[in-house]
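The next block holds one structure in the form of structure tokens; read it before the comments.
FYI, it's all coordinate maths here, none of it is from the lab. What you are looking at is a predicted structure, and each value in this text was computed from that prediction instead of being measured. For neighbour counting, all protein chains shown are included, and Cβ atoms are generated from backbone atoms with ideal geometry for every residue, glycine included.
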Amino acid sequence: MMKALGPLSRRRFLTASASLGIGTIAAPYVARADDPTLRITGWGGKWGEIMKAEIGPAFENEFKCKLQIDSAFPYLPKLQASSRSAPIYDVMHTNSNEQWAAAEMGLVEPKIDAKLVPNLADVYPYAVSDKIVGVSIFTSAIGLGMRTDKGYGNITSWKELWDAKYNGVRGGYVIPVNSLGQAFLMMCGTLFGKGQTDLDAAYTALEKLKPIKIVDFTGAMEKMLLSGEVGLCVIHDSGIYRYDGQNQPTDFVSPSEGVLSLEQVLTITPGSKMKELANAYVNYMLRPEVQKRLAETVWYSPANKKVKLDAKYDAKLLTTPEKVSKLIQVDWKWYNERKDEIDQRVNRIFRA
Amino acid sequence: MSSTATTRPNGLALFILPSALLFALFFFLPIGLMALMSVLTGNPVVMPKVAFTARHYARMVGDPYYLEVIWTTIRIGLVTTLVALLIGYPLAHWMARIKSRAGHALLLMAVLAPMLTGIVVRTFAWMTLLSDKGVVNQTLMSLGLIAQPLKLMYTETGIVVGLVHIYVPFMVLTLTGVIGRIDERLEQAAENLGASPLRAFLEVTLPLSLPGILAGSLLVFALAISAYVTPILLGGFQIMTLPILIYQQISANFNVGFAAALGIVLLVISLMLVIAYNRALGLVSGQRELQ
């Protein structure tokens, strides 16, 4: 028997080992080679973790496909550079302002077909309003974040951000690159002028906000608030609530004038070859159980009305029509049409 | 002399082919595409009707803001280069002239050690030192020397501090080689003829090390004007430089044409510097053919 197999030479051994190694590495890919691949975008951090560990694999198993998630922001320039007939993504997940820019360039479909996405029937009106391209699957509330250990007292209005006592500890965003900053600029128009589109009033208000510490990402603002580098800042509720249970001296303030909406929006690209799967993914992300799991992980308010969150989350997130009615949506189409002009002006305002 | 002998391809030239191809593919092609995009109304690959335009350059010239950004970028580059030179030259001179092998190795390690850590990490380290709640301000406040934190971050000075820390090794390593090749006996001869050590340095060593000064300065300046991470983190977007503006145009305004035009301006600044460097080097070394 041994003779029949022949002697195990070093060459044979190495060849067999290499084949075995390559086979082991390649096996999962070979086995799934026939599975269709849905290319999507998504955030990193906790969102990315749970998508990779639970939500994504569950979708892959149910729909017999492979989910390829790009979490390297920014997404839109990559979509912009790819072919319209073979786009880099099938489903794009990003904030509403970018979705509007993408829709204006014809890179994403402006609306989701309710017939192909049955769960669309259960979302709050804001999620499919005329201020939204595609569908908003979650929202955060943009308001004020404050340190509770500095004796600032009870903050109830956006206008308190302009109080001189916050000079040196006031936090805001790089408006040209940050959705919260852009939404806040529109809020300034409402607070001090005739409405969201009163840019002159907004610019004057922004001038008066100085000195202010500005950052590009909300994650950076969270760190600054936690370290005490800022005491009062513009932030979304998730950026405060995600530290729940860690005994941090920070709190979220919903100003009396209303909170701005920071929507997490899904759109489908017109050139996608996976339209059926793309619609299935949007529908899946709107399922109550998926919404509940994600909402309770990242502290986003679910768009599906049927979602029942645990009491802790339900108390803080926007889960009833009354709470949702506090949301102020930004007219991103209007904003994007003037973005260059706004950017030039705010870059001048905030330069050192 | 036969013409066939002169036109026969050199076999060794084939060895250059891979690097020439690499250079063409990853250097000339991207820059060519960038130059093309800067004069087009859109991306011809994905848009049906694209025309030539000068609007991106006109926008830059027509708005003083962009000229201010260009000047800020150049100013930060110049100050960084000057400070890196002032810090780097004595260090390089010491390294080049130190007799002890162990001493040279220690100095070299000291210069190279910061380069073993990423730029982002080093910049964050500066942030922990320079921020309002950072080590410097907290120490000064606890000692009662200041009542309010000093504004060390979000200033051009903060950016220059961070950039100098990152680029001093480039200056030192460039200078060390040049200074090391200067014959020490020239300085000794000058001193024998009655020159003081300072005069010997100023009239012998310094002029002979000018090629190194120019090369190091060119390297540091080019790196400083194209730096992105450090100006963004230490400048907090309140100091706008060309690389930040380019990123902003790509990532948030999706205006590839304007970003390309800004990139070309940055490239032209660097090219002008290289040409000036070659001219200066030619004049200094007397090698006019370098021009």
Q. Among the DSSP beta bridges whose two residues both lie in the protein assembly as shown, what percent are antiparallel, rounded to the nearest 5?
A. 65 percent
Q) Once Rh for chain A is found with the Kirkwood sum over Cα pairs, what is the Stokes-Einstein diffusion coefficient at 25 °C and 0.890 mPa s, in µm²/s? A) 111 µm²/s
Q: Identify which of B:Ile232, B:Ile31, B:Ile159 has the largest mean-square fluctuation in a Gaussian network model of chain B, with springs joining Cα atoms closer than 10 Å.
A: B:Ile31
Q: Please give, to one decimal in nm, the separation of the simple spin-label points placed at A:Glu341 and A:Asp70, each 7 Å out from Cα toward the Cβ.
A: 3.2 nm
Q) One-quarter of the Cα convex hull surface for region A:115-252, in nm²? A) 9.9 nm²
Q.
If I require 27 Å or longer along the helix axis, counting alpha carbons, and a Kyte-Doolittle average no lower than 0.5, what helices from chain B are left? Use full DSSP H segments.
A. B:64-97, B:156-180, B:256-285
Q) Listing B:Trp94, A:Trp100 from the residue with the fewest other Cβ atoms within 10 Å to the one with the most, what is the order? A) B:Trp94, A:Trp100
(Q) Can you give me the convex hull volume of the Cα atoms of region A:174-285, divided per residue and expressed in Å³? (A) 161 Å³
Q: Pop out the Kirkwood hydrodynamic radius of region B:151-204 from its pairwise C-alpha distances, inverse of mean 1/r, in Å to one decimal.
A: 13.9 Å
(Q) Compute the helix-to-body angle for A:199-208: its Cα long axis versus the longest principal axis of chain A, expressed 0 to 90° and rounded to tens. (A) 80 degrees
Q) Which ordering of A:Thr269, B:Thr205, B:Thr174 is given by a fewest-first count of other beta-carbon atoms within 10 Å? A) B:Thr205, B:Thr174, A:Thr269
Q) Stretch B:Glu68-B:Leu283 to full length: gain in nm at 0.36 nm per residue minus the Cα-Cα span? A) 74.2 nm
Q: Can you bin chain B into rounded, prolate or oblate? Criterion: square roots of the alpha carbon gyration tensor eigenvalues sorted a ≥ b ≥ c, rounded for a/c under 1.5, prolate for a/b above b/c, oblate for the rest.
A: oblate
Q: Please report A:Ser272, A:Ser254, B:Ser142 as a ranked list, fewest other C-beta atoms within 10 angstrom at the top and most at the bottom.
A: B:Ser142, A:Ser254, A:Ser272
**Q.** 10 Å-binned pair-distance histogram of region B:103-207 (Cα, whole percent)
**A.** 13, 26, 23, 20, 15, 3
Q) Does region B:188-291 come out rounded, prolate or oblate, given a ≥ b ≥ c as the square roots of the eigenvalues of its C-alpha gyration tensor, rounded meaning a/c under 1.5 and, failing that, prolate meaning a/b above b/c? A) oblate
Q: Report the relative contact order of region B:63-254, percent, no decimals, based on alpha-carbon pairs under 8 angstrom and at least 6 residues apart.
A: 34 percent
Q: Mind checking B:234-241 for the average number of partner chain beta-carbons within 10 Å of each residue's beta-carbon?
A: 5
Q.
Going by average Cβ density within 10 Å per residue, which order do the peptides A:41-47, A:187-193 take, highest to lowest?
A. A:187-193, A:41-47
**Q.** GNM result for chain B, Cα springs below 10 Å: residue of B:Ile182, B:Ile244, B:Ile146 fluctuating most strongly
**A.** B:Ile146
Q) Can you give the helix-only mean residue ellipticity at 222 nm for chain B, where every DSSP H stretch with n ≥ 4 adds -39500 (n - 2.57) and the sum goes over all residues, rounded to the nearest 500 deg cm²/dmol? A) -22000 deg cm²/dmol
Q | Between region B:206-229 and region B:50-72, the alpha-carbon center distance in angstrom | A | 27 Å
Q. So how do A:136-146, A:281-291, A:86-96 stack up, highest first, on mean other-Cβ count within 10 Å?
A. A:136-146, A:86-96, A:281-291
**Q.** Dimensionless Rg over Rh [the protein assembly as shown; C-alpha; Kirkwood]
**A.** 1.04
Q: Return the single residue from A:Val177, A:Val253, A:Val307 with maximal mean-square fluctuation; model: Gaussian network over chain A, springs between Cα atoms under 10 Å.
A: A:Val177
